[in-house]
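S.K.: Shown below is the structure under consideration.
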Amino acid sequence: MLTPVVLLMGPTASGKSALAQLLALRFGGEIVTADSAQVYRGMDIGTAKPDAAARAEVPHHLLDLIEPTDAYSAARFRGDAVAAIAEIRGRGRVPIVAGGTMLYFKALTEGLSALPQADPALRARLDARAAELGWPALHAELARVDPATAARLAPTDSQRIQRALEVRMLTGVPLSALQGSRATPPLPGPTVVVALVPADRARLHRIIAERFDAMLERGLVDELRGLRARYALTSAMPSMRCVGYRQAFAWLESGGKPRELGELRERGIAATRQLARRQLTWLRSMNLDAIDSFAGAVAEAATARVERALAAHAR
């Protein structure tokens, strides 16, 4: 019988990384990162990537895979994650998939829909239209051709609006109609879910603000300056749409005036809160037995849950 895979998920700033490290040390595990931003090399500060000490203590997989000029997908994540999980199981260790990109967890546990590959030329045309008209206008267009998908997307959710329009234009069929047809099977073997959901939303917002301030102090803007010097980056690239980098990129493009740094901070914090809200919406839709990430015994509750799953596997 295959070793259970621990699926550790939650919104940004909920303590996933620290808990994943603790569980890996406790159960002899290795961490498979489910984070669409941490795949980019050189994007360390704004993605809260595990530091060298954490990575030396516990093996981490799927970090630093691609350059910031490249793109990554849920399909590629699924392939990479399945391969990493098989290798970890082969070593007799416990795979711990940890992160906040909920689409990646969905791709891993449910399989992928039979959808067309990305079309760079078509995406470039959609980006150009969005630059002229704004993403809300493209969202309104999506509502006309695929109302079911548009209804679950915010008018500013640029990446998902773009993908939905791309699928519709490539296939002539709405994304919502294709998503029930699976091209790949779910992850083989048992899983145990540890979902962190903070009960105190105000406290989460305070931690988000403190965390973004710490990123700015650690040199988020200088990190981005260095990336812009090494790569031909544009605001349309997936890497530069990541929260924090998107706001810092816009600030640098506008001249990087020190007196406007406060505006960058406020926009970055607001965008991070919006990200957390979307992640929590995903988690609620999955109807999971969640653990309050701010509870005093969160580590004990998560440890007990994993311990039970591993004990059942051993019987």
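S.K.: Note down all Cβ pairs under 8 Å where the first residue falls in region 52-63 and is without any contact (Cβ under 8 Å) to a residue 12 or more places away in the chain, the second is part of a helix (DSSP H, G or I) and aromatic (Phe, Trp, Tyr), and they're at least six residues apart or on different chains.
M.R.: Hits for this filter: zero, empty list.
S.K.: Here's a follow-up. What tally of residues in region 35-86 results from selecting those that are touching a Gly at 6+ places or on another chain (Cβ under 6 Å) and among the small types (Gly, Ala, Ser)?
M.R.: Qualifying residue count, region 35-86: 1.
S.K.: For residues in region 70-108 being surrounded by 22 or more Cβ atoms within 10 Å (Cβ to Cβ) and among the small types (Gly, Ala, Ser), which is farthest from ARG278 (Cα to Cα)?
M.R.: ALA81
S.K.: Being surrounded by 22 or more Cβ atoms within 10 Å (Cβ to Cβ) and over 17 Å from the mean Cα position of the chain (by Cα) is the filter; apply it to region 20-35 and report the residue that is farthest from ALA304 (Cα to Cα).
M.R.: Applying the filter and picking the extreme gives GLY29.
S.K.: Restricting attention to region 133-169, report how many residues are more than 18 Å from ARG241 (Cβ to Cβ), part of a loop (DSSP other than H, G, I, E, B) and not basic (Lys, Arg).
M.R.: 1
S.K.: For region 182-195, how many residues meet the condition of being modelled with pLDDT of 90 or more and assigned to a strand (DSSP E or B)?
M.R.: Number satisfying all stated conditions: 5.
Per-residue answers, yes or no, for (1) hydrophobic (A, V, I, L, M, F, W, C); (2) buried (at least 17 other Cβ atoms within 10 Å of the Cβ); (3) farther than 25 Å from GLN274 by Cβ; (4) at pLDDT 90 or above:
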residue	(1), (2), (3), (4)
GLY172	no, no, yes, no
GLY180	no, no, yes, no
VAL197	yes, yes, no, yes
GLU217	no, no, no, yes
SER239	no, yes, no, yes
GLY244	no, yes, no, yes
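S.K.: Another question about this same structure. For the list (1) in contact with a Leu (Cβ under 9 Å, 6 or more places away or on another chain); (2) assigned to a helix (DSSP H, G or I); (3) more than 30 Å from ALA301 (Cβ to Cβ), I need the number of the one condition that PHE212 fails.
M.R.: (3)
S.K.: Sticking with this structure for a sec: Starting from region 88-114, take each residue that is among the acidic types (Asp, Glu) and list its partners that are outside any strand (DSSP E or B), counting only C-beta distances under 7 angstrom and pairs at least six apart or across chains.
M.R.: Listed pairs, sorted by first residue: GLU110/PRO186.
S.K.: THR156: exposed (fewer than 14 other Cβ atoms within 10 Å of the Cβ), within 22 Å of THR281 (Cα to Cα) and either assigned by TED's automatic domain parsing to the domain that holds THR281 or free of Cβ contacts under 8 Å to residues at least 60 places away in the same chain (or both), yes or no?
M.R.: For THR156, the condition - exposed (fewer than 14 other Cβ atoms within 10 Å of the Cβ), within 22 Å of THR281 (Cα to Cα) and either assigned by TED's automatic domain parsing to the domain that holds THR281 or free of Cβ contacts under 8 Å to residues at least 60 places away in the same chain (or both) - is met.
S.K.: Sticking with this one: ALA164 is checked against (1) loosely packed, with under 15 Cβ neighbours inside 10 Å; (2) touching a helix residue (DSSP H, G or I) at 6+ places or on another chain (Cβ under 7 Å); (3) under 19 Å from TRP282 (Cβ atoms) and fails just one. What number does that condition carry?
M.R.: (1)
S.K.: Mind checking whether some residue in region 3-18 is under 19 Å from PRO190 (Cα atoms), charged (D, E, K, R) and in contact (Cβ under 8 Å) with a residue 12 or more places away in the chain?
M.R.: No: zero hits.
S.K.: Can you tell me which residue within region 23-64, out of those that are hydroxyl-bearing (Ser, Thr, Tyr) and assigned to a loop (DSSP other than H, G, I, E, B), is nearest to VAL243 (Cα to Cα)?
M.R.: Step by step, filter region 23-64, then rank; the result is THR47.
S.K.: Can you tell me which residue in region 191-247 is nearest to MET286 (Cα to Cα), limited to those that are free of Cβ contacts under 8 Å to residues at least 24 places away in the same chain and not aliphatic (A, V, I, L, M)?
M.R.: Filtering region 191-247 for residues that are free of Cβ contacts under 8 Å to residues at least 24 places away in the same chain and not aliphatic (A, V, I, L, M), the one nearest to MET286 (Cα to Cα) comes out as ARG201.
S.K.: Being touching a strand residue (DSSP E or B) at 6+ places or on another chain (Cβ under 7 Å) and polar (S, T, N, Q) is the filter here, so list the residues in region 18-46 that pass it.
M.R.: Matches in region 18-46: THR33 only.
S.K.: Restricting to region 29-51, count the residues that are without any contact (Cβ under 8 Å) to a residue 60 or more places away in the chain and aliphatic (A, V, I, L, M).
M.R.: 1
The values are calculated or read from the model by the stated rules, or taken from the named source; none is laboratory data. Just so you know, these numbers come straight off a predicted model, no measurement behind them. A quick note on method: Cβ atoms are made from the backbone with ideal geometry, for glycine too, and the neighbour counts reach across all protein chains shown.
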